[in-house]
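K.L.:
Sharing a structure here in structure tokens format.
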Amino acid sequence: MQNILVIGGGFAGLNAALNAADQVGQNGGDIAVTLVSNSKYITMRPRLYEVNPEALREPLRPIFDAAGIDFKIGNADSIDSSQRTVSLQGGETFTYDRLVLTAGSQLKPLPVSGIAEHGFNIDSYDAAVAFDAHLARLAGAEETPGADTFVIVGAGITGIELALEMHTRIASHGGSAAAQRARIVLVERDDVLGLEMGDNPRPVIEKALAEAGVEIHLGSEVSEAAADHLVLSNGARIDTASIIVTSGMVASPIGATVGVDVDEQGRLPVDEMLRTQGSPEIFAAGDMARAYVDDSNLAVMSCQHAGTMGKYAGHNAARDLMGLETRAYRQPNYVTCMDLGAYGAVFTTGWDRVVEASGPEVNARKRMINEQLIYPPEATSREEILAARRIDENGR
Ligand SMILES: Cc1cc2nc3c(=O)[nH]c(=O)nc-3n(C[C@H](O)[C@H](O)[C@H](O)COP(=O)(O)OP(=O)(O)OC[C@H]3O[C@@H](n4cnc5c(N)ncnc54)[C@H](O)[C@@H]3O)c2cc1C
């Protein structure tokens, strides 16, 4: 029996495994589909800025059991494309006929003295839960200098969403008086906020931050971090017990073991079938893949792109192995929806991120994305699960 191996059980990996199994089933292939992930759960990463992060993951095994996918827990370490093997930490090795790499991304390390020891982040489930436990400890602790100051390092989408959620987060542990006392500081090394969102939504974002009283330091870097303070590049000291790093994401390091050049975000270059250039039996999707969504735009690290790319990667890996026609990945419609806390949310369309709506009227849409759209299908029957994740009539 041949086999398709998927590494990583996130948004891309789940869809890849389901689409591979679907194609194998529909075409009578004698092919096993195995997914190896280092967690039993899929983490709702886009929600990790919210209150109660402990609730923000869902078990994968019921879905894979129902869908007939072999699910193994393990941390993939390296790939040998000449032998078609993947080695796991601990020594176990898996062979593959087609490999789909969907191990996602990690927080981009910030090379600043003291950050690794004293900085928090919300990049993974464990990190977000640890930060929440810190907020709970602060709420019960004696008043110390800096206890009410929360410094977020990096004003990208995640940093801005977190800054605008901080009052709610603090109130959830220490009550509204603690939230009112809180000083929320956003430090950004660029000269503008939300660089990756572009110019169009910036006025809305700035208004939301101003209304929430967030203190902003642009053109500033952290040069030193400690348990009770940090120092900015201009020499200013901020007393704080809470430094939260939102410095962006880099692709899983396992991509670099394939042996082809990865881009500056650590992503594997893939062709329109999502095959890794130079290793056609290895597909990549989601945050690990440098893929074009149309003739000129590259996918960004997002659920929007990871989920759809995952579908195509699984679909194509299975069909390629069975000698069937594959389907080019295209995802021309791009939207963003950003939570702006008490201000509401902002919804943009297109690569120029033209603001279509902002304020409380966008809240329902953001909730629908965060609480429904990104969630895995119910673990019902194999047919229902597979149907829920097929490439739809719009090619998504
Ligand atoms: C705080 C935060 C906010 C975000 N907000 C948004 C947003 O508003 N909108 C949006 O679209 N995107 C957002 N993102 C980005 C989005 O979460 C990612 O782009 C998305 O999760 C990528 O999906 P993926 O399947 O490629 O990777 P992931 O979701 O990271 O999944 C990777 C999976 O692989 C597993 N894994 C990792 N390494 C290994 C290994 N070596 N071996 C085995 N398994 C492994 C992991 O446990 C995980 O299950 C946000 C991310 C964060 C952290």
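K.L.:
According to a simple spin-label model (label point 7 Å from Cα along Cα-to-Cβ), what is the distance in nm between Leu195 and His134?
P.N.:
2.3
K.L.:
Quick one: accessible area per residue over the chain, 1.4 Å probe, rounded to a whole number of Å²?
P.N.:
43
K.L.:
So if I take the centroid of the Cα atoms in the stretch 327-396 and the same for the stretch 225-291, what is the distance between those two points in Å?
P.N.:
Rounded to whole Å, the Cα centres lie 23 Å apart.
K.L.:
Translational diffusion coefficient of the chain at 10 °C, 1.306 mPa s, Stokes-Einstein with Kirkwood Rh over Cα pairs, in µm²/s as a whole number.
P.N.:
Working: Rh = 21.9 Å.
In µm²/s, the coefficient is 72.
K.L.:
Can you find, among Phe131, Leu209, Ala226, the residue sitting farthest towards the positive end of the charge dipole of the stretch 115-245, where Lys and Arg contribute +1 and Asp and Glu -1 at Cβ?
P.N.:
So the residue furthest toward the plus end is Leu209.
K.L.:
Also: Please give the charge dipole size of the chain, origin at the Cα centre, charges +1 on K and R Cβ atoms and -1 on D and E Cβ atoms. Round to the nearest 20 debye.
P.N.:
560
K.L.:
Can you list the aspartates and glutamates whose alpha carbon sits under 14 Å from that of Lys207, skipping same-chain ones fewer than 8 residues off?
P.N.:
Cross-link targets: Glu161, Asp199, Glu215, Asp339.
K.L.:
Next question, about the same structure. Sum up the charges of everything whose Cβ sits under 15 Å from the Cβ of Asp123, counting Lys and Arg as +1 and Asp and Glu as -1, but leave Asp123 out.
P.N.:
Result for the neighbourhood of Asp123: -1.
K.L.:
Taking loop as defined by DSSP and a crowding limit of 11 other beta carbons within 10 Å, which GluC sites (Glu not before Pro) in the stretch 175-277 fit? Write out the running numbers ahead of the final one.
P.N.:
Values: sites: Glu188, Glu196, Glu206, Glu211, Glu215, Glu221, Glu224, Glu264, Glu272; in loops: Glu188, Glu221, Glu264, Glu272.
Here the GluC sites (Glu not before Pro) that fit, given the DSSP loop and packing criteria, are Glu264.
K.L.:
Could you tell me the relative contact order of the chain? Use alpha-carbon pairs under 8 Å, at least six residues apart, and round to a whole percent.
P.N.:
20 percent.
K.L.:
How large a share of the accessible area of the chain, in percent, is made up of carbon and sulfur atoms when the probe is 1.4 Å and the other protein chains stay in place?
P.N.:
Carbon and sulfur together cover 46 percent of it.
K.L.:
Let me ask something else about it. Given charges of +1 on the Cβ of Lys and Arg and -1 on the Cβ of Asp and Glu, with all other atoms neutral, how large is the dipole of the stretch 115-245 about its Cα centre, in debye to the nearest 20?
P.N.:
Charge dipole of the stretch 115-245: 280 debye, to the nearest 20.
K.L.:
Here's something else I'd like to know. Could you estimate the translational diffusion coefficient of the stretch 297-396 from the Stokes-Einstein equation, with Rh from the Kirkwood formula over C-alpha pairs, at 10 °C and 1.306 mPa s, in whole µm²/s?
P.N.:
Result for D is 102 µm²/s.
K.L.:
Dipole magnitude of the stretch 311-396 about its Cα centre, charges +1 at Lys/Arg Cβ and -1 at Asp/Glu Cβ only, in debye to the nearest 20?
P.N.:
Here the stretch 311-396 has a charge dipole of around 180 debye.
K.L.:
Specify the angular offset, from 0 to 90 degrees and rounded to the nearest 10, of the alpha carbon long axis of helix 157-181 from the longest principal axis of the alpha carbons in the chain.
P.N.:
Relative to the chain, helix 157-181 is tipped by roughly 50 degrees.
K.L.:
Helix 125-140 sits at what angle to the longest principal axis of the chain, using alpha carbons and giving 0 to 90 degrees rounded to 10?
P.N.:
Relative to the chain, helix 125-140 is tipped by roughly 20 degrees.
K.L.:
Separate question: How big is D, in µm² s⁻¹, for the stretch 115-245 by Stokes-Einstein at 25 °C and 0.890 mPa s if Rh is the Kirkwood radius over C-alpha pairs?
P.N.:
165
K.L.:
Place +1 on the Cβ of every Lys and Arg and -1 on the Cβ of every Asp and Glu in the chain, take the dipole about the Cα centre, and give the residue among Gly90, Gln372, Leu268 whose Cα lies farthest towards its positive end.
P.N.:
Positive-end residue among those listed: Gln372.
K.L.:
List the lysines whose alpha-carbon lies under 27 Å from that of Lys40, not counting same-chain residues fewer than 8 positions away?
P.N.:
Result set, ordered by chain and number: Lys72, Lys108, Lys311, Lys366.
The values are calculated or read from the model by the stated rules, or taken from the named source; none is laboratory data. Treat the numbers as computed from the prediction; the structure is a model and nothing was measured. Cβ: placed from backbone, ideal geometry, glycine included. Neighbour counts: every protein chain shown. Heavy atoms of the whole protein, side chains included, go into the accessibility calculation; ligands, DNA and RNA do not. Shrake-Rupley method; radii C 1.70, N 1.55, O 1.52, S 1.80 Å.
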